[in-house]
Amino acid sequence: PSNLFSDFVYYLLTDDVAGLGTWSSDGAWAKVNGFETASKFLQANNIRFDGTIEQKTNLRSYMTEVAPLNLCNFVIADGQFAVVPALPYDPNTYEIRSDALQIKQVFSAGNIIDGSYTIDYLDINERENIKAVMMYRKGQKNKLPQSDAILVRWKNIDTAQVPQTVYDLTNFCTDKEQAKMVGRYLLSVRRRIDHAVTFQTSPLGLSLAPGDYIRVLT
């Protein structure tokens with residue numbers, strides 16, 4: 001039994017009754033070491049998945065959507081599915097630490113193929129500051145669970161001047177601190193990520209995987 005999101009995804013990919021295990025007898029869907037790292041990350045940062053899937057759903061779409069709400073990303077690595085942490089973490093304790101970020105590769109004019117580099121800025125609506133209402137499930141002994149919510153916002157911004165977005169985590173989040181942590185992450189993503197780059201390079205000498213951090217110098 002487990003209440004970690006990574007274990008839940010691994011179960012759905014490999015179990016031959018509830019998941020995709022009937023399609024593969026050797027667990028070929030899942031990249032095991034990616035799930036191990038994600039489980040240690042979730043355990044160390046007290047991020048729990050106390051939820052269920054009650055109706056038929058597209059598994060890949062569901063995991064891609066829910067993973068960021070558990071501070072992870074659902075990715076394809078070497079042709080297999082994996083869950084990787086979405087934030088830098090201490091390699092020994094697996095606790096979130098911004099100063100633990102490791103740049104795996106640096107790209108510049110020397111190793112970017114000419115004419116392949118493009119940059120696309122996100123729509124302004126995807127970058128504007130918001131205030132996030134994080135809904136979570138609160139349970140009490142011998143009582144039915146109830147929904148509760150907290151407001152997460154930037155302290156240096158007038159709350160009345162920014163739009164409000166509601167994130168419903170009641171299906172799996174049962175901890176106020178976890179809801180608060182996810183809210184801070186979502187606000188940070190909107191403020192700091194404003195563009196995406198695409199380029200081609202030679203695969204020789206590269207050792208990169210989804211979730212690795214790179215630096216691009218132009």
Margin query: Among the residues that make up region 63-73, is at least one of them over 17 Å from VAL182 (Cα atoms) and either touching a helix residue (DSSP H, G or I) at 6+ places or on another chain (Cβ under 9 Å) or open to solvent by 70 Å² or more (accessible area, probe 1.4 Å) (or both)?
Written below: no
Next item on the list: Provide a single number: the residues in region 182-210 that are open to solvent by 50 Å² or more (accessible area, probe 1.4 Å), closer than 23 Å to ILE124 by Cα and free of Cβ contacts under 8 Å to residues at least 24 places away in the same chain.
Entry: 1
Next item on the list: Among residues belonging to region 107-122 that are in contact with a strand residue (DSSP E or B) (Cβ under 6 Å, 6 or more places away or on another chain) and surrounded by 11 or more Cβ atoms within 10 Å (Cβ to Cβ), point out the one that is nearest to ILE214 (Cα to Cα).
Entry: PHE107
Notebook entry, point to check: Where residues in region 90-106 are at pLDDT below 95 and surrounded by 14 or more Cβ atoms within 10 Å (Cβ to Cβ), which of them is nearest to SER39 (Cα to Cα)?
Noted result: ALA100
Margin query: Give me the residue from region 32-52 that is out of contact with any Leu (no Cβ under 8 Å at 6 or more places or on another chain) and farther than 10 Å from SER6 by Cα and, out of that set, surrounded by the most Cβ atoms within 10 Å (Cβ to Cβ).
Written below: GLY51
Item checked: Test result for ILE214, within 30 Å of VAL32 (Cβ to Cβ), outside any loop (DSSP other than H, G, I, E, B) and β-branched (Val, Ile, Thr) -> yes
Notebook entry, point to check: In this structure, does THR64 turn out to be closer than 13 Å to VAL9 by Cα and in contact (Cβ under 8 Å) with a residue 60 or more places away in the chain?
Noted result: no
Notebook entry, point to check: Counting only residues that are assigned to a strand (DSSP E or B) and under 25 Å from ASP7 (Cα atoms), which one in region 148-181 is least open to solvent (accessible area, probe 1.4 Å)?
Noted result: TYR167
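The values are calculated or read from the model by the stated rules, or taken from the named source; none is laboratory data. Just so we're clear, the structure is a prediction, and the values are computed from it rather than from any experiment. Here Cβ is always computed from backbone atoms with ideal geometry, including for glycine, and neighbour counts include all displayed protein chains. Just the protein is used for accessible areas: all its heavy atoms, side chains included, with ligands, DNA and RNA removed. Shrake-Rupley method; radii C 1.70, N 1.55, O 1.52, S 1.80 Å.
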